[in-house]
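K.L.:
This structure is in structure tokens; I'll ask about it shortly.
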Amino acid sequence: CLQSPITRLPCHDSCVQPVAPSFPLRLAQAFLLLLYTEAAEVRCRFQQEIGTLARAENGHIRRRNALNFPMRLFLAVPLAEPVVAELTRLTARWRRSAPDLRWSVPRSWHITLQFLGNTTGQQYDCLLPRLAAMHASPAPIRLAGPGVFERAQILHLGVEPTPLLVELQQRIAVATSPCGFEPESRPYHPHITLARSKGRDGSRSLRALAARLPAECKLETFTAREFLLYESHLSPAGSTYEVRNRFILAAE
């Protein structure tokens with residue numbers, strides 16, 4: 001006996017026509033069809049999301065596996081482009097009067113928040129989500145005058161330790177501590193490294209240049225709206241820095 005493809009009700013032997021379903025039955029069938037259709041769509045969307053997440057995770061694993069550990073890392077605020085341009089013009093005059101110094105290239109200028117040092121893969125995996133989950137307000141950056149770190153033989157440009165910048169540095173120290181990074185015990189002294197001495201001649205040039213430098217530099221103030229995770233690559237020609245991650249500053 002034939003059955004109705006719609007109602008699935010058995011037909012009579014004397015009739016091959018499907019039995020007309022009642023209105024309540026048609027309504028129930030329509031409702032079940034709607035549920036089945038929506039479930040199929042949800043199932044399809046779920047499978048698409050799973051696929052997207054799987055591809056993202058595989059991409060993360062490939063990028064993670066491409067890194068060479070331990071990595072020499074630090075966290076820092078990058079300088080705004082107008083400040084870099086202005087400081088480049090300013091230091092050009094200083095470079096000519098002290099060629100014996102090893103001058104930092106403008107693209108490497110930054111304000112260190114925390115030096116992490118040699119970092120293992122396990123520490124790296126611990127670090128990223130904790131920094132991403134950290135909340136801190138954008139910090140105003142006001143540049144001060146040049147100075148010299150005598151012991152390290154470094155020419156630097158001072159940065160005012162504004163309350164929000166100090167708070168950012170402290171929050172980062174708290175976020176990185178569970179990953180095995182210890183904050184420095186000395187007070188935070190934000191600065192931009194401009195040049196280092198090379199041997200005795202460089203040391204003399206550094207002292208001579210420091211004696212001629214102005215006490216203050218009028219440079220543009222800017223607001224730090226992000227901080228970066230850098231990898232430092234050491235070489236005989238000096239360190240080069242590679243950005244590994246960016247973290248946006250936004251108040252809670």
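Derivation of every value follows stated rules applied to the coordinates shown; laboratory data play no part. Computed from a predicted structure; not experimentally measured. Here Cβ is always computed from backbone atoms with ideal geometry, including for glycine, and neighbour counts include all displayed protein chains.
K.L.:
From the square roots a ≥ b ≥ c of the eigenvalues of the alpha-carbon gyration tensor of the stretch 90-206, which class results: rounded (a/c under 1.5), prolate (a/b over b/c), or oblate? Write down the numbers at each step before the final one.
P.N.:
Values: a/c = 2.52, a/b = 1.82, b/c = 1.38.
It is prolate, given that a/c is not under 1.5 and a/b is the larger ratio.
K.L.:
On to the next question. Could you pull out every residue, at least 5 positions away or on a different chain, whose amide H is within less than 5 Å of the one on Asn245? Hs are placed 1.01 Å off N in the peptide plane, and Pro or chain starts have none.
P.N.:
Leu229
K.L.:
Residue by residue through the stretch 151-163, which ³J(HN,Hα) values in whole Hz follow from phi under the Karplus form 6.51 cos²θ - 1.76 cosθ + 1.60 (θ = phi - 60°), with glycine and proline marked x?
P.N.:
5, 7, 6, 10, 8, 9, 10, x, 10, 5, x, 5, x
K.L.:
Here's something else I'd like to know. Test of understanding: ordering His233, His156 by Cβ neighbours within 10 Å, fewest first, what list do you get? Before the final figure, lay out the partial values.
P.N.:
Working: His233 12, His156 20.
In order of increasing Cβ crowding within 10 Å: His233, His156.
K.L.:
Apply the Karplus parameterisation 6.51 cos²θ - 1.76 cosθ + 1.60, with θ equal to phi minus 60°, to every residue of the stretch 210-219 and state each ³J(HN,Hα) to the nearest whole Hz, in sequence, with x for glycine and proline.
P.N.:
The phi angles translate into 4, 5, 9, 6, x, 6, 9, 10, 8, 10 Hz.
K.L.:
Under 5 Å between amide hydrogens, which residues at least 5 positions from Leu116 or on another chain qualify, with H placed 1.01 Å from N in the peptide plane?
P.N.:
Distant-sequence amide H within range of Leu116: Leu73, Phe74, Leu75.
K.L.:
Right, something else. Using a cut-off of under 16 Å, list every residue of the stretch 79-119 whose amide N is near the label point 7 Å from the Cα of Leu234 along the Cα-to-beta-carbon line.
P.N.:
Answer for this model: 115-119.
K.L.:
Still on this structure, I have one more. Give me Tyr188, Tyr36 sorted ascending by neighbouring Cβ count inside 10 Å, so fewest comes first.
P.N.:
Tyr36, Tyr188
K.L.:
Also: With θ taken as phi - 60° and the coefficients 6.51, -1.76 and 1.60, list the Karplus ³J(HN,Hα) couplings across the stretch 231-246 in order, rounded to whole Hz; mark glycine and proline as x.
P.N.:
Ordered by residue, 3J(HN,Hα) equals 9, 9, 10, 8, 7, x, 7, x, 7, 10, 10, 10, 6, 9, 6, 10 Hz.
K.L.:
Under 5 Å between amide hydrogens, which residues at least 5 positions from Ile141 or on another chain qualify, with H placed 1.01 Å from N in the peptide plane?
P.N.:
Amide H to amide H, under 5 Å and 5 or more residues apart or across chains, Ile141 pairs with Phe222, Thr223, Ala224.
K.L.:
Going by a ≥ b ≥ c, the root eigenvalues of the Cα gyration tensor, does the stretch 159-252 fall in the rounded group (a/c under 1.5), the prolate group (a/b larger than b/c) or the oblate group? Please list the in-between numbers first.
P.N.:
Working: a/c = 2.03, a/b = 1.47, b/c = 1.38.
Judged from the Cα gyration tensor, the stretch 159-252 comes out prolate (a/c at least 1.5, a/b above b/c).
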